[in-house]
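S.K.: Below: one structure in structure tokens.
Read-outs: derived from the displayed coordinates by stated rules, not from any lab. Since we're looking at a predicted model, the values are computed, not measured. Don't worry about glycine lacking a Cβ; one is built from the backbone with ideal geometry, like all the others, and counts go over all protein chains shown.
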2 protein chains.
Amino acid sequence: MNLLYAQSGGVTAVINASAAGVIDAARKHAAIGKVFAARHGILGLLDEALYDTAGVDTAALLNTPGGAFGSCRFDLPSEADEPAVYDRLFAVLQAYRIGGLLYNGGNGSMDLIVKVAESARRRGYPLISVGVPKTVDNDIEGSDCCPGFGSAAKYLATSMREAGRDVAAMTGRSGRVFVMEVMGRNVGWLAASTALAARSADEAPHIVLMPEVAFDEEAFLARVRQVVERLGYCAVTVAEGLKGADGRPLMEQARDARGYVQLGGAGEEVARLIGERLGYKHHYGNPDYLQRAAGHWMSATDREQAYAVGAAGVELLMAGQDGVMAAIRRLSDQPYCWDVIAVQAASIANLERRVPRAFISDDGLHVSELGRRYLLPLIAGEIAVPCTDGLPDHYIMDFPLMPRLLPDFRRSA
Amino acid sequence: MNLLYAQSGGVTAVINASAAGVIDAARKHAAIGKVFAARHGILGLLDEALYDTAGVDTAALLNTPGGAFGSCRFDLPSEADEPAVYDRLFAVLQAYRIGGLLYNGGNGSMDLIVKVAESARRRGYPLISVGVPKTVDNDIEGSDCCPGFGSAAKYLATSMREAGRDVAAMTGRSGRVFVMEVMGRNVGWLAASTALAARSADEAPHIVLMPEVAFDEEAFLARVRQVVERLGYCAVTVAEGLKGADGRPLMEQARDARGYVQLGGAGEEVARLIGERLGYKHHYGNPDYLQRAAGHWMSATDREQAYAVGAAGVELLMAGQDGVMAAIRRLSDQPYCWDVIAVQAASIANLERRVPRAFISDDGLHVSELGRRYLLPLIAGEIAVPCTDGLPDHYIMDFPLMPRLLPDFRRSA
């Protein structure tokens, strides 16, 4: 039996560690022949663009951010809508004698696991499908946390901590505000993680704005003024998906009011507001892709979990657990203990886990002690990645694709 | 004799290493009594806001980004214009028996060294004034490189290298472009440093736009299209101060054309252009303060040089070298050898060192081999900074200021 592994959705600093976990675990099973990796996720399976991972250096993969095999954003249509897509998919699986599918992605990827597993059962095709979770957004239900999140969180909390030192030093007689925008269209997990940067109430960030709490302009500005009057400066984290009281993203409102589209998101709008309403000097930073690609500053805990869910995915598959996702279960906070369990993909696919109210401070402008307690272990541990000439070494796939066995496929839609 | 040390201008990841160099070197001289540090640069001297550094843990300072004593942006007026400022300055120096001034900053700070040294000579006040260079912009003349630059360069080159992996993985059938904006209003040193991220022509960044080369929209867009057609994606570095053929910053032009001010700079405008003219998907990142505060990813070479110019400043001062700056001299590229020499502050103050044409590729869209050769040693070496709970430990000044000896001072201007 051969396996197929593929990466899907936005990549992370440690998704390749999950790939390494899959490949290493599979190499230990005599019953597993080849592990193929699809280029650009499910699209590579449909296109028959496959790598043989036999020669992949998994130790080097561990230190490489991004998706070594390429990822994609593609929602698999239902079989009722596009049966030809499923016919093709199973034709490729059959041509390569693939009996196990490991799909490494977020909520949408778990939906794919459900759809493919159901189709295989209907068709009587012998396939075990297992989901391997991945997302910097930390929004997959059923897993205590998601591999990829811890490293992005560590990077952002460190960045806020360092920028806080900078702004504090530059503070003169006039107030100064730093706004950092972080990813999170619907959930505030990454924004919340920056709260860890503050070891006291005086340290940055002083305010954390999450999409889970409707933006209250007046309350926010009053708090900024308070902090500036106390410390001379203020540092604010803004999730890109921050929403107003009417539930509309801040950016949409700004677009309507001003008649143009900004590339910067809610953070830019919040920074503008501070300048216009309070007259403080302000700076706006947006690390964008940097936050999910920061392989030079991975969380050791996160990378270990990413590897573990990949390896566990293979074990679940070999145990015949079809249609499940390998999930992280938290056993205790301090000391932090966790293991990997199986959850039914169908029970969690397409859901979106938001930051619970109890993790947010009462005033809605910061993270609660309970939230800190949840977040803290996820960023623990540093990894000295190998470097040459001052820069991290990355593993770059330079094998050719497998020669194709089947004719071209084009979706009729 | 006592010394006064102060930090000025935008802070860096390693300006506190220069402070550590000053304090450590001074502690070895029996002839030196106390080392005072002014809070917020020269403003702290005028305000008589001084710390006694006797209790400062210099080993911890080494690992702390930002300016531990506070910095300022303040151009010292000429003595002819504001004699009262100089009267006050020397009154404070005299009250604390300060015979040596070490001012840690950029081009403007070297101008201060010149003005204060001249005034002291005219007044017959026994003072030796020495400049200690610092700037992420790398634009001080007379020094082969500037402490602070190497760490920001290492951070930005690493960030571009990592983001490049991300964009490459996410590339599907449509083109995708990532634009990273970096600091540099007038000089392209930081933009140039990101070129180190590419170990081959296929790796990010594929284009580097510096203020030294007038932005040629058509040539730029043609190159973006070329790269996307070859690789499927393209990564671009844009210096915030990028200028058009008429010498005007891109951002001013955008403001005039669209009637509004963006907080994002030239990078946002370039990203918008790619979307409008080429129709490619695009992402825009702007690390802002993060790039000059990234203490978790310092260049070991840079920190060593920052410490060395601080320590050398004390030695120059004790040798009676008045009105000089401690400068880095490059002795060889490979192996990289350097030492610290004295240059006359008057010969370099207020100048601005731009990226030489020979460091830029012929087409003006990247860095030349000569440029790479210059930049490469400056980002060498990693430092494992001490961390607690996954985040870097920082030294935070928590001593009270010295009790004041003099009455308040207010500038009549």
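S.K.: Under a Cβ-only charge scheme (Lys and Arg +1, Asp and Glu -1), can you give me the dipole magnitude of chain B about the Cα centre, in debye to the nearest 20?
M.R.: On the way: 41 positive and 49 negative charges, 26 e Å.
Approximately 120 debye in magnitude.
S.K.: Which three semi-axes in whole Å describe the equivalent ellipsoid of the protein assembly as shown, each the square root of 5 times a Cα gyration tensor eigenvalue, listed largest first?
M.R.: Details: eigenvalues 509, 148, 124 Å².
After scaling each eigenvalue by five and taking roots: 50, 27, 25 Å.
S.K.: When only Cα pairs under 8 Å and 6 or more residues apart are kept, what is the percent relative contact order across chain B? Can you show the working numbers first?
M.R.: Working: 923 pairs, mean separation 96.2, N = 413.
It rounds to 23 percent for chain B.
S.K.: Take the alpha carbon atoms of the range B:370-412, find their radius of gyration, then divide it by 2.2 N^0.38 Å using N residues; give the quotient.
M.R.: Numbers: Rg = 21.7 Å, N = 43, 2.2 N^0.38 = 9.2 Å.
This ratio for the range B:370-412 stands at 2.36.
S.K.: Cα convex hull of the range B:353-392: mean projected area in nm², to one decimal?
M.R.: On the way: hull surface 18.7 nm².
So the Cα hull casts an average projection of 4.7 nm².
S.K.: Sort shortest first the distances from A:Asn2 to its counterpart in every other copy, using label points 7 Å along the Cα-to-beta-carbon line, and give them in nm.
M.R.: Those separations, rounded to one decimal, come out as 7.8 nm.
S.K.: Something else: Pairs B:Lys154/B:Lys281; A:Lys281/B:Lys134; A:Lys134/A:Lys154; B:Lys28/B:Lys154: which exceed 26 Å Cα-Cα? Spell out each step's value before the answer.
M.R.: On the way: B:Lys154/B:Lys281 28 Å; A:Lys281/B:Lys134 23 Å; A:Lys134/A:Lys154 16 Å; B:Lys28/B:Lys154 32 Å.
Pairs exceeding the cut-off: B:Lys154/B:Lys281; B:Lys28/B:Lys154.
S.K.: Please report how far the C-alpha centroid of the range B:372-396 lies from that of the range A:338-413, rounded to the nearest whole angstrom.
M.R.: 25 Å
S.K.: Return the average number of partner chain Cβ atoms within 10 angstrom of each residue Cβ along peptide B:277-287. Walk me through the intermediate numbers first.
M.R.: On the way: counts 0, 0, 0, 0, 0, 1, 4, 6, 9, 11, 9.
Counting Cβ atoms of other protein chains within 10 Å of each residue's Cβ and averaging gives 4.
S.K.: Something else: For the protein assembly as shown, give the magnitude of the charge dipole about the Cα centre (Cβ charges: +1 Lys/Arg, -1 Asp/Glu; no others), in debye to the nearest 20.
M.R.: Values: 82 positive and 98 negative charges, 45 e Å.
Using Cβ point charges on Lys, Arg, Asp and Glu, the protein assembly as shown gives about 220 debye.
S.K.: Moving on. Normalise the Cα radius of gyration of chain B by 2.2 N^0.38 Å (N = residues in it) and let me know the number. Provide the component values of the computation, followed by the final result.
M.R.: On the way: Rg = 22.6 Å, N = 413, 2.2 N^0.38 = 21.7 Å.
Expressed relative to 2.2 N^0.38 Å, the Cα Rg reads 1.04.
S.K.: With both partners inside the protein assembly as shown, how many of the DSSP beta bridges are antiparallel, as a percent to the nearest 5?
M.R.: Working: 31 of 97 bridges.
Restricted to the protein assembly as shown, the bridges split so that about 30 percent are antiparallel.
S.K.: What is the mean projected area of the alpha carbon convex hull for the range A:335-413, to one decimal in square nanometres?
M.R.: Mean projected area of the Cα convex hull: 13.1 nm².
S.K.: If each residue of separation counts as 0.36 nm, what is the full-extension length gain between A:Gln334 and A:Asp57 once their alpha-carbon separation is subtracted?
M.R.: Details: separation 277, 0.36 × 277 = 99.72 nm, distance 3.47 nm.
That pair, A:Gln334 and A:Asp57, stretches by 96.3 nm at full extension.
S.K.: Further question on the same structure: So for the pair A:Arg411, B:Ala30, with labels modelled 7 Å out along Cα→Cβ, what separation do we get in nm?
M.R.: 8.3 nm
S.K.: If you don't mind, another one. Taking other Cβ within 10 Å of each residue's Cβ, how do B:Tyr395, B:Tyr307, A:Tyr336 sort, fewest first? Mind dumping the intermediate values first?
M.R.: Working: B:Tyr395 20, B:Tyr307 24, A:Tyr336 13.
Final ranking by Cβ density, sparse to dense: A:Tyr336, B:Tyr395, B:Tyr307.
S.K.: I've got another one for you. To the nearest 20 debye, what charge dipole does the range A:150-293 have about its Cα centre, counting +1 at the Cβ of each Lys and Arg and -1 at the Cβ of each Asp and Glu?
M.R.: About 340 debye.
S.K.: Okay, moving on. What does the highest-first list of A:362-368, B:161-167, B:397-403 look like by mean Cβ count within 10 Å? Mind dumping the intermediate values first?
M.R.: Numbers: A:362-368: 17.1, B:161-167: 27.0, B:397-403: 11.4.
The densest-packed peptide leads the list: B:161-167, A:362-368, B:397-403.
S.K.: Further, regarding this structure: How large are Rg and Dmax for the range A:275-323 when calculated on the C-alpha trace, in angstrom?
M.R.: Cα-based Rg and Dmax for the range A:275-323 come out at 20.7, 63 Å.
S.K.: OK, next. Farthest toward the dipole's positive end in the range A:150-293, which of A:Leu250, A:Ala293, A:Val270, given Cβ charges of +1 (Lys, Arg) and -1 (Asp, Glu) about the Cα centre?
M.R.: The one lying farthest along the dipole's positive direction is A:Ala293.
S.K.: Hey, can you rank A:136-143, B:234-241, B:371-378, B:48-55 by average C-beta count inside 10 Å, highest first? Before the final figure, lay out the partial values.
M.R.: Values: A:136-143: 25.1, B:234-241: 28.1, B:371-378: 21.0, B:48-55: 18.5.
Result, highest mean Cβ count within 10 Å first: B:234-241, A:136-143, B:371-378, B:48-55.
S.K.: When you look at the Cβ of every residue in A:60-69, what mean number of other chain Cβ atoms sits within 10 Å? If you can, show how the numbers build up before the last one.
M.R.: Details: counts 0, 0, 0, 0, 2, 7, 9, 5, 3, 1.
Mean inter-chain Cβ contacts per residue within 10 Å come to 3.
S.K.: At 7 angstrom along the Cα-to-beta-carbon line, where would the label on A:Arg123 sit relative to the other copies? Give the distances in nm, shortest first.
M.R.: 8.7
S.K.: Continuing with this model, one more query. Positive end of the dipole of the range A:113-272, charges at C-beta (+1 Lys, Arg; -1 Asp, Glu), about the Cα centre: which of A:Leu156, A:Pro133, A:Met170 has its Cα farthest in that direction?
M.R.: A:Pro133
S.K.: Continuing with this model, one more query. Calculated from DSSP H runs of 4 or more alone, at -39500 (n - 2.57) each and per residue, what is the 222 nm mean residue ellipticity of chain A, nearest 500? If you can, show how the numbers build up before the last one.
M.R.: On the way: 14 runs with 145 residues, N = 413.
-10500 deg cm²/dmol, from helical runs alone.
S.K.: So for the protein assembly as shown, taking the charge dipole from beta-carbon charges (+1 Lys/Arg, -1 Asp/Glu), which of A:Leu401, B:Leu209, A:Ala239 sits furthest toward the positive end?
M.R.: A:Leu401
S.K.: Here is a follow-up. Rounded, prolate or oblate: which one fits the range B:150-293, using the alpha carbon gyration tensor with axes a ≥ b ≥ c (rounded when a/c is under 1.5, else prolate when a/b beats b/c, else oblate)?
M.R.: Cα axes put the range B:150-293 in the oblate bin.
S.K.: Now a separate question. Return the long-range amide H neighbours of A:Gly184 (sequence gap of 5 or more, or a different chain), with a cut-off of under 5 Å between placed amide H atoms.
M.R.: A:Glu240, A:Gly241
S.K.: Between copies, how close do the A:Glu217 label points come, placed 7 Å along Cα→Cβ, listed in nm from shortest?
M.R.: Here A:Glu217 shows inter-copy label distances of 3.3 nm.
S.K.: For peptide B:380-393, what's the mean number of Cβ atoms from other chains within 10 Å of each residue's Cβ?
M.R.: Values: counts 5, 3, 8, 0, 2, 2, 1, 6, 2, 8, 19, 14, 8, 2.
The per-residue average across the peptide is 6.
S.K.: A follow-up question, please. Would you mind checking which residues have amide H under 5 Å from B:Trp338's amide H? H placed 1.01 Å from N; only 5 or more apart, or other chain.
M.R.: Those qualifying (amide H under 5 Å, at least 5 residues apart or on another chain) are B:Leu331.
S.K.: Tell me the label-point distance for the pair B:Ser347, A:Ala80, using the 7 Å Cα-to-Cβ offset, in nm and rounded to one decimal.
M.R.: 8.3 nm
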